[in-house]
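Heads up: the structure comes next, in structure tokens.
No value in this document is a laboratory result; all are computed from the given coordinates. Computed from a predicted model, the values in this text were never measured in an experiment. Because the Cβ atoms are built from the backbone with ideal geometry, glycine has one as well, and the counts that use them run over all protein chains shown.
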Amino acid sequence: SQQGEEDPQALSIQEGENATMNCSYKTSINNLQWYRQNSGRGLVHLILIRSNEREKHSGRLRVTLDTSKKSSSLLITASRAADTASYFCATDANTGNQFYFGTGTSLTVIP
Amino acid sequence: NAGVTQTPKFQVLKTGQSMTLQCAQDMNHNSMYWYRQDPGMGLRLIYYSASEGTTDKGEVPNGYNVSRLNKREFSLRLESAAPSQTSVYFCASILGGGWAQHFGDGTRLSIL
């Protein structure tokens with residue numbers, strides 16, 4: 001009964017291409033966050049978008065949020081081999097202090 | 001500035017044994033969390049502590065207990081380990097609602 005689901009499960013692209021991954025969730029939220037996980041490591045926070053925001057940028061990252069569709073997307077532009085990792089969305093399901101993670105998208109960037 | 005530190009990094013147990021996973025953060029964060037990560041399942045919340053002195057169940061609390069020892073430390077205990085508890089366990093902390101979670105590097109636990 002996880003809150004979020006990412007799509008696609010796996011994505012393989014060439015270096016320099018853009019990567020887009022999507023997240024759908026089930027209940028209303030205060031905010032949605034995206035995290036990156038390199039193999040064998042913990043998760044690293046990338047970006048947070050609040051429920052009253054529709055788009056947010058951070059460097060090569062662009063996140064959109066559509067609360068009417070309960071979905072979010074993460075775009076990584078001009079991808080690099082170092083972007084190879086798993087990416088997870090997390091929502092707070094309006095609790096403020098509990099977080100629900102999706103199953104993740106595994107991104108491979110081929111040099 | 002270590003962030004979130006988890007010990008041990010690896011552990012192998014036999015069914016029925018007990019152990020405590022340790023977590024400490026040095027960022028003066030108020031809330032702390034324990035998750036487990038299984039292949040294809042993402043992260044699932046086991047227990048959390050919204051503030052010092054409080055603990056609450058998450059999505060999958062059965063078979064676990066926690067202690068918020070002080071503001072810095074939050075431990076997870078398996079009283080009688082079962083093979084179904086083989087997983088990677090992550091501790092995280094957060095300043096408060098609307099902030100990013102900071103994760104440790106995980107404890108890889110195998111139960112035979």
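Filter the range A:32-43 for residues that are more than 7 Å from chain B (Cβ to nearest Cβ) and either without any contact (Cβ under 8 Å) to a residue 12 or more places away in the chain or part of a strand (DSSP E or B) (or both) and give the result.
A:32, A:34, A:35, A:36, A:37, A:40
The number of residues in the range A:80-106 that are more than 15 Å from residue A:46 (Cα to Cα) and more than 11 Å from chain B (Cβ to nearest Cβ) comes to 2.
The single condition among (1) within 12 Å of another protein chain (Cβ to nearest Cβ); (2) in a strand (DSSP E or B); (3) touching a Ser or Thr at 6+ places or on another chain (Cβ under 9 Å); (4) hydrophobic (A, V, I, L, M, F, W, C) that residue A:29 does not satisfy is (2).
Taking the range A:27-47 as the range and being surrounded by fewer than 20 Cβ atoms within 10 Å (Cβ to Cβ), touching an Asp or Glu at 6+ places or on another chain (Cβ under 9 Å) and farther than 30 Å from residue B:109 by Cα as the test, only A:30 passes. Inspection of the range B:96-105 finds a residue satisfying the criterion of being surrounded by fewer than 18 Cβ atoms within 10 Å (Cβ to Cβ), facing chain A (nearest Cβ under 9 Å) and under 13 Å from the mean Cα position of the chain (by Cα).
Restricting attention to the range B:1-26, the residues that are surrounded by 14 or more Cβ atoms within 10 Å (Cβ to Cβ) and not hydroxyl-bearing (Ser, Thr, Tyr) total 12.
Within the group B:77, B:68, which residue is more than 13 Å from chain A (Cβ to nearest Cβ) and surrounded by fewer than 19 Cβ atoms within 10 Å (Cβ to Cβ)?
Details: B:68 fails: surrounded by fewer than 19 Cβ atoms within 10 Å (Cβ to Cβ).
Among B:77, B:68, only B:77 is more than 13 Å from chain A (Cβ to nearest Cβ) and surrounded by fewer than 19 Cβ atoms within 10 Å (Cβ to Cβ).
Within the range A:71-87, restricting attention to residues that are among the small types (Gly, Ala, Ser), touching a residue at least 60 places away in the same chain (Cβ under 8 Å) and surrounded by fewer than 19 Cβ atoms within 10 Å (Cβ to Cβ), the residue that is nearest to residue B:38 (Cα to Cα) is A:81. Of everything listed in (1) within 12 Å of another protein chain (Cβ to nearest Cβ); (2) surrounded by fewer than 15 Cβ atoms within 10 Å (Cβ to Cβ); (3) under 23 Å from residue B:39 (Cα atoms), the single unmet condition for residue A:50 is (3). Taking the condition within 14 Å of residue A:105 (Cβ to Cβ), buried (at least 20 other Cβ atoms within 10 Å of the Cβ) and within 14 Å of another protein chain (Cβ to nearest Cβ), does residue A:10 pass? Here the answer is no, as residue A:10 does not meet what is asked.
Looking at the range B:37-63 only, could you name the residues that are away from chain A (no Cβ under 11 Å), under 14 Å from the mean Cα position of the chain (by Cα) and in contact (Cβ under 8 Å) with a residue 12 or more places away in the chain?
Quick first cut of the range B:37-63, residues away from chain A (no Cβ under 11 Å) only: B:46, B:52-53, B:55, B:61-63.
Adding the requirement that they be under 14 Å from the mean Cα position of the chain (by Cα) leaves B:46, B:55, B:61-63.
Those that are away from chain A (no Cβ under 11 Å), under 14 Å from the mean Cα position of the chain (by Cα) and in contact (Cβ under 8 Å) with a residue 12 or more places away in the chain: B:46, B:55, B:61, B:63.
Considering the range A:98-111, the residues that are touching a Leu at 6+ places or on another chain (Cβ under 8 Å) and of a type in the set (Ser, Thr, Tyr) include one that is surrounded by the fewest Cβ atoms within 10 Å (Cβ to Cβ), namely A:108.
Apart from one condition, residue B:60 fits all of (1) assigned to a strand (DSSP E or B); (2) within 30 Å of residue A:10 (Cβ to Cβ); the exception is (1).
Out of the residues in the range A:88-97 meeting the condition of being crowded, with 19+ Cβ neighbours inside 10 Å and over 9 Å from the mean Cα position of the chain (by Cα), tell me which one is nearest to residue B:39 (Cα to Cα). Quick ask: steps written out before the conclusion?
Of the range A:88-97, the ones crowded, with 19+ Cβ neighbours inside 10 Å are A:88-92.
With the extra rule that they be over 9 Å from the mean Cα position of the chain (by Cα), the set shrinks to A:91-92.
Numbers: A:91: 20, A:92: 22 Å.
Here the residue is A:91.
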